[in-house]
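Colleague: Structure in structure tokens, see below.
Nothing in this text is a laboratory measurement; each read-out follows from the coordinates by a stated rule. Nothing here was measured: the structure is a model prediction, and the numbers come from that model. In this analysis, Cβ positions are derived from the backbone assuming ideal geometry, glycine residues included, and neighbour counts consider all displayed protein chains.
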Amino acid sequence: MDTVSNAVHYVFLATAVCFVLGLHLMNHPRTARRGNALSAGGMAVAIAATVWLVIHEGTITTTGWLVLASGGLIGAALGLYAAREVRMTAMPQLVSVFNAVGGGAAALIAVNDLLQADDAAALGARVSLPGALDIVIGAVTFSGSLIAAGKLQGVVSGAPVVFPGARLLNVLLPASFVAGTVWLVLAPDSRTALYGLTAVALLFGVTMVLPIGGADMPVVIALLNAFTGSAVAMAGFVLNETALIVAGMLVSSSGGILTKLMANAMNRSVVNIVVGGFGTGDGVPTATGPGGAPAQVRQVSADDVAIQLAYARKVVFVPGYGLAAAQAQHELGDLAKLLTDHGVDVSYAVHPVAGRMPGHMNVLLAEANVPYTQLKEMDEVNPEFPQADVALVIGANDVTNPAARRPGNAISGMPILDVDKAKSVVVIKRSMGHGYAGIDNELYTGPRTGMFFTDAKRGLAELKAAVGEFVG
Amino acid sequence: MNDLDLLTAITVFVLSVLVGVEVISKVPATLHTPLMSGSNSVHGIVVIGAMLIAAGSHTWLGYLLAFVAMVFGGMNVVGGYAVTDRMLEMFRARPPETPKNPKAEV
């Protein structure tokens, strides 16, 4: 290595330090933004150093510069536009798309490397093994993340998509990875092996994610995020760049931990989620649809609920995905402020998997200016429900279903919020429709539960107006 | 690349895994979404690999692959950091209360 190359690699080391410290600062809401800025700064310096390295080595052609600059600028513009414009509710999809392109780029690096090598046959396992792994992981992540994003966006059906032979295919495809990888390692110049492996991996990404239900998407996204990290680390081995190895494995291991935390919160194993979604394996899925509404549901109006809220001492809000889908976080924030000013003790019970991503609900409520000190996690808030005069459930379903405490149904054993223990429960929901688990929610038919059938945004606005009349 | 380089690379690989586990396992659930988004931007380092393959390309296929890799990588880096910052900005917009978060260790 010459002096410039050495200097550039010291810069990469500094970048790695920035990444680690940046992630560390994300431990607390107060320092998190600084952590992200530090990480971004490290990235910017590494990119600048790479430009220097490329100039110094002097092998790049004019076309190469054009490709580098135009591709980078187009990608940056697209990314910036998407990041600025995305609604907070659509955040999980966007993160999934960014994850897809990262995995795609990592796979392309290995494809390119194997194509460009002057004498590919002489590459040896040192390059071809990580190259093959990079292609497999990167391509699976690319197509898998796009399907996951499609499911969250509603472009692809959120229900588990099962077709005849799907299970068999999901065994055969990974088996062909092993075969293809061995082939590519033995014959790195084989174009058939290269293209075949890429195609099979892209296909597997699709068939792996399609049968997984929308409720499990948070776990899947976290898992695919970890995959991308590994793909990038493999690209680092191919290119012999430790910067890629460090950053890739940081993401991979942290993504792995997040995946596990998420799966624990749903009381399911990662394997169980990947192998089959809710309702795909056992039993008869409960019929969905508007017909046959249970008789013992008690309906309430905005005024009924407003009286309860206005005279309550302690109110716990339980926001779920319905709140996010209706973009009603601001209405909820306003209602909470009105009640707080009136002297009511208000808190929010946030289930770890509320929303579509770990912590998604916290982001949405933060957007609505809810102090994060009012947000309570499940273990903290569950003992408080018996003291709550009113628990107001807004668009949350499976995470409040007391059926989870009993064995023998789709959500058995899932940790839930003990909403049914509150003195009175009000549920804002558009219909008696099912959640992802596809089963009836026993909370809705409980003796202390009133159902307020409306859209979350409109319902909360009506409540705010009605409460305003009582306390104003 | 000789054996020592490979050994170094593998050492770096293993240690990075351990650091990643250590750094992340203390993050409160509140921050899981920004964290996932933030670590998502970290793997945008792949853009450096894309730049290196652009520099080594001499065929049209090579240019094409490098171009797509640059677009993907650029999107990953810039979009990732921008969207994470947007999320975290909202967390910071609170009045500076004493942070009460006894669940931080969970």
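Colleague: Would you list B:Trp60, A:Trp65 from fewest to most Cβ contacts within 10 Å? Can you show the working numbers first?
Modeller: Numbers: B:Trp60 9, A:Trp65 15.
Ordered by Cβ neighbours within 10 Å, fewest first: B:Trp60, A:Trp65.
Colleague: May I pose another question? May I have the extent of the alpha carbons of region A:146-192 along their three principal axes, as whole Å values ordered from largest to smallest?
Modeller: Principal extents (Cα only, largest first): 42, 22, 13 Å.
Colleague: How high is the FRET efficiency between A:Ser176 and A:Asn272 when r is their beta carbon distance and R₀ equals 25 Å, given to the nearest 0.05?
Modeller: Numbers: r = 24 Å, r/R0 = 0.96.
Computed FRET efficiency for A:Ser176 and A:Asn272 comes out at 0.55.
Colleague: On a C-alpha basis, how far is the centre of region A:409-444 from the centre of region A:128-199 in Å? Whole number, if you could?
Modeller: What the calculation gives is 37 Å, centre to centre.
Colleague: Across region A:88-277, how large is the tail of the calculated P(r) beyond 24 Å, expressed as a percent of all Cα pairs?
Modeller: 37
Colleague: Something else: Work out the mean other chain Cβ neighbour count within 10 Å for the residues of A:256-266 and drop it here as an integer.
Modeller: 3
Colleague: Once you charge only the Cβ atoms, +1 for Lys and Arg and -1 for Asp and Glu, what is the size of the charge dipole of chain A about its Cα centre, to the nearest 20 debye?
Modeller: Working: 27 positive and 31 negative charges, 121 e Å.
So the magnitude is around 580 debye.
Colleague: Okay, next question. Output ³J(HN,Hα) for region A:124-132: one whole-Hz value per residue in order, computed from phi by the Karplus curve 6.51 cos²θ - 1.76 cosθ + 1.60 with θ = phi - 60°, and x for Gly and Pro.
Modeller: My calculation for region A:124-132 gives x, 5, 3, 9, 6, 5, x, x, 5 Hz in order.
Colleague: Also, I was wondering about something else. Give me the number: length gained by fully extending A:Gln387 to A:Leu66, i.e. 0.36 nm times residue separation minus the C-alpha to C-alpha distance, one decimal in nm.
Modeller: 109.0 nm
Colleague: Work out the length of the dipole vector of region A:11-149 about its Cα centre, built from +1 on the beta-carbon of each Lys and Arg and -1 on the beta-carbon of each Asp and Glu, and round it to the nearest 20 debye. Mind dumping the intermediate values first?
Modeller: Numbers: 6 positive and 6 negative charges, 162 e Å.
With only Lys, Arg, Asp and Glu charged at Cβ, the dipole is about 780 debye.
Colleague: Which far-off residues, 5 or more places away or on another chain, put their amide H under 5 Å from the one on A:Val300, with H placed in the peptide plane?
Modeller: A:Met451, A:Phe452, A:Phe453
Colleague: For a quick protection proxy, order the peptides A:238-246, A:448-456, A:94-102 by their average other-Cβ count within 10 Å, most packed first.
Modeller: A:94-102, A:238-246, A:448-456
Colleague: Counting other Cβ atoms within 10 Å of each Cβ, which chymotrypsin sites (Phe, Trp or Tyr not before Pro) in region A:307-372 have at most 13 and sit in a DSSP loop?
Modeller: Sites meeting the loop and neighbour criteria: A:Tyr311.
Colleague: Please report, to two decimal places, log10 I(q)/I(0) for region B:28-92 at q = 0.13, 0.15 Å⁻¹ as given by the Debye formula with identical point scatterers on the Cα atoms and no solvent.
Modeller: With one equal scatterer per Cα and no solvent, log10 I(q)/I(0) is -0.44, -0.53.
Colleague: Next question, about the same structure. Would you work out which of A:Gly435, A:Leu460, A:Gly413 lies farthest towards the positive end of the dipole of region A:412-472? Charges go on Cβ: Lys and Arg +1, Asp and Glu -1.
Modeller: The one lying farthest along the dipole's positive direction is A:Leu460.
Colleague: So, one more: Quickly work out the A:Asn6-to-B:Ile10 label distance, labels modelled 7 Å from Cα along the C-beta direction, and quote it in nm with one decimal.
Modeller: 2.8
Colleague: Show the residues, 5+ positions off or on another chain, whose built amide H is closer than 5 Å to the amide H of A:Gly213.
Modeller: For A:Gly213, the qualifying residues are A:Gly277, A:Phe278.
Colleague: List the equivalent ellipsoid semi-axes of region A:1-85 in whole Å, largest first, each obtained as the square root of 5λ for an eigenvalue λ of the Cα gyration tensor.
Modeller: 28, 21, 5
Colleague: From the mean inverse distance of alpha carbon pairs (Kirkwood) and the Cα radius of gyration, derive Rg over Rh for region A:302-471.
Modeller: Dividing the radius of gyration by the Kirkwood radius yields 0.93.
Colleague: Continuing with this model, one more query. How long is the gain from A:Ala187 to A:Lys337 if the chain were fully straight, where each residue apart is worth 0.36 nm and the alpha carbon distance is subtracted?
Modeller: 47.3 nm
Colleague: Can you find, among A:Gly322, A:Tyr311, A:Thr445, the residue sitting farthest towards the positive end of the charge dipole of region A:302-471, where Lys and Arg contribute +1 and Asp and Glu -1 at Cβ?
Modeller: Working it through, the farthest residue towards the positive pole turns out to be A:Thr445.
Colleague: Let me ask something else. Would you mind checking which residues have amide H under 5 Å from A:Phe317's amide H? H placed 1.01 Å from N; only 5 or more apart, or other chain.
Modeller: A:Ser347, A:Tyr348, A:Ala349, A:Leu392
Colleague: How many nm separate the modelled label positions at A:Gln296 and B:Leu18, each set 7 Å beyond the Cα in the direction of the Cβ?
Modeller: Taking the simple label geometry, A:Gln296 and B:Leu18 are separated by 5.8 nm.
Colleague: What does the average come to when, for each residue of peptide A:35-45, you count the partner chain Cβ atoms lying within 10 Å of its Cβ?
Modeller: 5
Colleague: Further question: How many partner chain Cβ atoms sit within 10 Å of a residue's Cβ in peptide A:364-373, on average, as a whole number?
Modeller: 5
Colleague: In units of 2.2 N^0.38 Å, what is the alpha-carbon radius of gyration of chain A?
Modeller: In units of the 2.2 N^0.38 Å rule of thumb, it is 1.12.
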